[in-house]
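One structure is given below, encoded as C-alpha cells.
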Amino acid sequence: EHEWLVAFLTNHPMIDFLHLHMEDYTSLEQIRIASKCHVLIGVHGNGLSHVLWMQPERYVVEIYWQFPFQFDYMTASQLMRHNYMALFNGKAIDQELIRTRAKSLRQMPKKVVVTKQNITKIRDEVEEGRRALMGFLQKAMIELGVR
C-alpha cells in the first residue's frame with residue numbers, strides 16, 4: 001500500500017508531493033516544512049506531531065498498522081481544526097466512530113491474519129480505503145484551490 005500511495009502522489013499532475021523522512025531535518029527545518037504543508041499523511045507515531053505546526057484547517061491522514069486505535073493525533077488535528085481521516089490496515093475508519101471516540105476502536109485486533117477465507121474481504125476493505133483516501137484528497141484539492 002505504501003508503494004501504491006507514493007506512486008499515486010508522485011505521479012499526480014496537480015500534487016506537489018514530498019516524500020520526507022523528517023528525522024533527516026533539524027527541528028527548525030521540520031517546523032518550517034510542516035508550516036507550509038497542506039496535507040500531511042503519516043503512520044501513527046510521533047512524526048504526526050507536526051500537525052501542530054500546520055496552518056489551521058489543513059488535511060491529515062493517519063495510517064494505523066497492527067495496533068489499537070489511539071486518539072492522540074486525531075485530537076491534535078481537531079484542536080487545529082484540520083480535516084482528519086484514519087486508515088487501519090488499509091481500511092477507512094468510519095468517521096462517526098472517530099468523532100464519538102467509540103470504544104470499539106480501542107478494541108480493534110492488534111494483527112490482521114490473512115487467510116484463504118478472508119482474503120476477499122481484506123482486498124475489498126483495502127479498495128474501500130483507497131477510494132476513501134482518493135475522495136479525501138480530492139476534497140482537499142478542491143477546498144485548497146488546486147486546479
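The set of residues in the stretch 20-38 that are exposed (fewer than 10 other Cβ atoms within 10 Å of the Cβ) and either of a type in the set (Ser, Thr, Tyr) or within 17 Å of the chain's Cα centre (by Cα) (or both) comprises HIS21, THR26, SER27.
Please find, within the stretch 98-126, the residue that is nearest to GLU1 (Cα to Cα) out of those that are among the hydrophobic types (A, V, I, L, M, F, W, C) and open to solvent by less than 60 Å² (accessible area, probe 1.4 Å). Per the criteria, the residue is VAL126. For the stretch 122-147, a tally of residues being farther than 16 Å from ILE93 by Cβ, more than 16 Å from the chain's Cα centre (by Cα) and outside any loop (DSSP other than H, G, I, E, B) returns 3. Could you list, in sequence order, the residues of the stretch 39-77 that are open to solvent by less than 40 Å² (accessible area, probe 1.4 Å), within 19 Å of GLU143 (Cβ to Cβ), in a loop (DSSP other than H, G, I, E, B) and of a type outside the set (A, V, I, L, M)? Across the stretch 39-77, there are no qualifying residues.
Restricting GLY129, GLY145, GLY90 to those that are open to solvent by less than 70 Å² (accessible area, probe 1.4 Å), in contact with a Gly (Cβ under 7 Å, 6 or more places away or on another chain), modelled with pLDDT under 85 and not β-branched (Val, Ile, Thr) reduces the list to GLY90.
The values are calculated or read from the model by the stated rules, or taken from the named source; none is laboratory data. Remember, it's a predicted structure, so these values are computed and weren't measured experimentally. Cβ atoms come from the backbone with ideal geometry, glycine included; neighbour counts cover every protein chain shown. Side chains included, ligands, DNA and RNA excluded: accessible areas come from the protein's heavy atoms. Shrake-Rupley method; radii C 1.70, N 1.55, O 1.52, S 1.80 Å.
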